[in-house]
Structures are given as structure tokens and as C-alpha cells.
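Below: one structure, written as C-alpha cells.
The values are calculated or read from the model by the stated rules, or taken from the named source; none is laboratory data. This one's a predicted model, so the numbers in the text were calculated from it and none came from an experiment. Note that each Cβ is placed from the backbone with ideal geometry, even for glycine, and that neighbours are counted across all protein chains shown. Note: accessible area is taken over every heavy atom of the protein model, side chains too, but ligands, DNA and RNA are not part of it. Shrake-Rupley method; radii C 1.70, N 1.55, O 1.52, S 1.80 Å.
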Amino acid sequence: MRGVGRSLVPHRRIARQDEDCGRQNEVMNAEILSVGTELLLGQTLDTHSATMAKLLARAGVGCTRRMTVGDNMGRIVEALREMFGRADLVITIGGLGPTEDDLTRDAIAAALGDEMVLEPEVERKLRKFFAMRNVPWMDSIARQAQRPESAELIENPNGTAPGLVCKKNGKVVIALPGPKGEFGPMAEGPVLEFLSHLQGGQVIHSRILRVCGMGESEVEERVRDLTHSDNPTVAPYAHTGEVHLRVTARAATEQDADKLLDPVEHAIREILGTKVFGTDETTLEQATIDLALLKGATIAVAESMTGGGLGERLTSVDGASSAFLGGVISYVTEIKCKLLDVREETLNSHGPVSEPVAREMAEGAKKGIGSTFAVSITGNAGPTSDVDGKPVGLVFIGLAGPRGATVMEARFRGTREDVRRRATQSALVLLRDALLLMPDAKPSQG
């Protein structure tokens, strides 16, 4: 509802607020408190705290902790007081509505030692809002017109519960509503603007370098010297089948931060070489398709255990049809023989989960589809050993290309879906490595 509450702190007062916090020339640190029993029960997924953490980084404020508590007055107050002992800025999300379990504003007042005060103008607007919609007035609705005495209200354009900005004892508390349509506009609008002025115009800007074909420990060891820097910082973290290196810089603008990030990225690429396949949102399938286009190569797949998962990943890339020709899902032995020319003798001698079968699957797909490369996957994803006694997690990945056929054996751990995902990831790494050995395609003569 527009017009509820006073506006966020005017810009001309931001500098004085910095002085009040004693942080005018220092980096502020923040913590995020998500409030709601539904979050603890897993009934609602908390995406707001991730969004808020990104906004804090854009404003140059470091987020050091995130916490979730249920709708319990004592626990919310305890969490807030604990956060005040560490952080300059605390942001709460949720618990600002009119019901009995909306306790955040009262908990903030208790944690700060504030009295609750009523904003008569806000209550008047609330009464008018509900009357216009023929909704009976309940006394509990008026709770949304209350605020801790040290707080100012943030206008909520899409709801009836204003947000709060509290400033006391050198601390800042910002309270935001939980509903997505209310949280988003408030957080990305006036709150982000306020945070940007509060920190003095700095930003925290990150770049992700994505690495494949190398484990987290090896990556960390190779770039160890770079991880000792304070600005930019370099931190590795593992994902399924790949490692990400997050390089983060603090600067006045994103452009200035990029100038700090560029030489670090260059150094990492010098160390890791072609193991770095992309940055930020680039996926391994995107990098593989782009490389195939650069090399003028085409791709086919022959899948058993993964049931089309590899083909799905490749075809999820825009423009994949210029490089990906098609594939065969040969889930049963008869299809392996009929469509991929896998010999019955090979199947009888070695079983479907074997190196020879993976090789013949790849060769059959390459020949039948007419591609430059064909990748095959056969294995046992579980949950139990197969009829031939092949253990769960045993996978064979074949690659047929201009230089002949090769097969890699892998033993993956985890759930059925983990094994299948790791298999497609390893297949993409194998294919990408082969593509890197090819010369670039010659430009077409026009």
C-alpha cells in the first residue's frame, strides 16, 4: 500500500548516520536474520537471504553470517542481541505482519531497549485501506502502525506492513517483510540505496572461474599463493565434477573492482591453463558446445545409464543444433545391438557395463550418425549391483573421434542421481579435452 509510513532516511542525513556508527572510513559488516517457523520446517525455501547477501555485496557491505529462527519472541531477541555483539548492521526478513506470530518489530524493540510507539497517520491509512476493500477492521492490524522508538518506517508499495530502519548505539537494524512481492521492491529499491550511501559508495564485486578435470585440493594447492591476498581474495569451493574459484575485490565501482580482478584471473589461467573452462554463469556444456563450434566439430551421444542426460545438457545450450547432431538412448541390450552395432559376442563376454561395450557404443554412434565425435556412457547407477555383479558407481565413458576410440573407467559415489550427474560431467570433460586438441576451423571463404 503506497503512502504507509515515513520515507526511508533522507540522503542528506546519511553522512551523519555514518558518524553515529563510527564506520565512516571502515568496512561495515552485516548479518542477516530470517524469521519464520516455516523456514525451519522446510515448508518454505529461504531465497530472500541469498538475495539480500548479494545486495549487501553490491553496496560494499560484507555479510559475515546468516541465521534462521522460528516465530518465538525469546529466540528472536536472543539472536538479535548476539548479532549486535558482532555486526554493525543487522537485517531481518519476515515477521512484520499483523498476526500474533509476527514478532520481529517487538523483538527488535526489546533487543535495542526501545519502547514501541504508534504512528497515528499510518494507522489512519491502514483503516482507510481496509475500509475501501470492505474488510472488517481488527485491532491486530494496527500492530503494523507500530515501530520501535529509534526506528523510521520504510514505505511498502505492495503491502500493508512497512519496513523499519533502526539506529541506536552505533548499530543499524533494517527489517523487511517476508512476502516476495513486498521484500523484492523494498530491498532492491530504497534499502539498497540506503546501504550504498551508508558504506560510502564502495562495492564488493566477485568473479567466478570454473575449473574442470581437476580436484579441489589440487586446484587449491596450485593457486595457494594467490589465496593469501586481502584484496582481491581468492577462495575455491567444490561443485559436482568441477571446482569454482571465487575472486572478490572491494573498490569504489564495479569497473574499479574489475581492474583488480583482471590480473588475478590472468594469473589463475596461467597456472591452470585450459582447465579453466569459463567464468561466472558459463556451464561446462556451454563451453563444450562453443568449443565444438570453434573447431567445426559435430557431436553425437550413445547413452545407457544416463538415459539421455548428456544429450539434454548439450541441447540446453542455445545454438547447440549447429554442433550436436543427435543420439541413441540404448537402455536395453537389444537396442545396443540394433542401433549401435554393439556385437552380441561383446555383450555376452563382458556384459553391458564394460569397457568394450562403451567403446563399441561410441564407435557405432559416430558411424551411424556421422559426427566428428561420439560419446557413450554405460554403467551401474544403483541402487544395487547389476546382474553381472558390477558394483554401484562403476561407469565406462567412451569417446570415438578422428584419432580413434578411447574409454575411461570411473567409480563414482553417492546417490543414483549423483552417479548419473557425475557421469555426464566426466563425459563432457573427456569430450572437451579431445576438442582442445583439434585445430580451429578455417574461416569460410565468402
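Taking loop as defined by DSSP and a crowding limit of 12 other beta carbons within 10 Å, which trypsin sites (Lys or Arg not before Pro) in the range 335-438 fit?
403, 413
Relative to the compact-globule scaling 2.2 N^0.38 Å, provide the ratio for the alpha-carbon radius of gyration of the range 266-389.
1.21
Compute log10 of I(q)/I(0) for the chain with the Debye formula, placing one identical point scatterer on every Cα and leaving out solvent, at q = 0.08, 0.11, 0.13, 0.14 Å⁻¹, to two decimals.
-0.65, -0.92, -1.05, -1.13
If each residue of separation counts as 0.36 nm, what is the full-extension length gain between residue 129 and residue 411 once their alpha-carbon separation is subtracted?
95.2 nm
Using a cut-off of 25 Å between alpha-carbon atoms, which lysines can reach residue 128, once sequence neighbours fewer than 8 places away in the same chain are excluded?
180
Hey, could you get me the Stokes-Einstein D for the range 155-254, Kirkwood radius over alpha-carbon pairs, 4 °C and 1.567 mPa s, rounded to whole µm² s⁻¹?
Answer from the Stokes-Einstein relation: 78 µm²/s.
What net charge is computed for the residues neighbouring residue 414, neighbours being all others with C-beta under 12 Å from the C-beta of residue 414, Lys and Arg scored +1, Asp and Glu -1?
+4
Tell me the net charge near residue 312. Cut-off is 10 Å between Cβ atoms, residue 312 excluded, with +1 for each Lys or Arg and -1 for each Asp or Glu.
Net charge around residue 312: -1.
Relative contact order (percent) for the range 154-217, with alpha-carbon contacts under 8 angstrom and 6 or more residues of separation?
Relative contact order, the range 154-217: 22 percent.
Could you list log10 I(q)/I(0) for the range 31-74 at q = 0.18, 0.29 Å⁻¹, which the Debye formula gives when each Cα is one point scatterer?
Taken in order of the listed q values, log10 I(q)/I(0) reads -0.55, -1.00.
Cross-link candidates for residue 390: which lysines have Cα within less than 19 Å, leaving aside residues fewer than 8 places away along the same chain?
Result set, ordered by chain and number: 336.
State in Å² the accessible area per residue of the range 224-338; use a 1.4 Å probe, count heavy atoms of protein chains only, and round to the nearest integer.
47 Å²
To the nearest 20 Debye, how big is the dipole of the chain about its Cα centre, given +1 on the beta carbon of each Lys and Arg and -1 on that of each Asp and Glu?
500 debye
Pairs of alpha-carbon atoms within less than 8 angstrom and 6+ residues apart define the contacts here; what relative contact order does the chain have, in percent?
Relative CO of the chain lands at 12 percent.
To the nearest 10 degrees, how steeply does helix 73-84 sit against the main Cα axis of the chain, on a 0 to 90 scale?
80 degrees
Magnitude of the Cβ-charge dipole of the range 54-166, K/R +1 and D/E -1, about the Cα centre, nearest 20 debye?
Dipole magnitude for the range 54-166 comes out near 520 debye.
Tell me the net charge near residue 224. Cut-off is 13 Å between Cβ atoms, residue 224 excluded, with +1 for each Lys or Arg and -1 for each Asp or Glu.
So the environment of residue 224 carries a net charge of -4.
If the viscosity is 1.567 mPa s and the temperature 4 °C, what translational diffusion coefficient in µm²/s does Stokes-Einstein give for the range 330-424 when Rh comes from Kirkwood over Cα pairs?
Diffusion coefficient, whole number: 98 µm²/s.
Given DSSP loops and a limit of at most 13 other Cβ atoms within 10 Å, what is the longest stretch of the chain that contains no such GluC sites (Glu not before Pro)?
The reported range is 282-446.
For the chain, give me the percentage of DSSP beta bridges that are antiparallel, rounded to the nearest 5 percent.
Percent antiparallel among DSSP bridges in the chain is about 65.
What do you get for the angle between helix 355-369 and the principal long axis of the chain? Use alpha-carbon atoms, 0 to 90 degrees, nearest ten.
That helix lies at roughly 90 degrees to the long axis.
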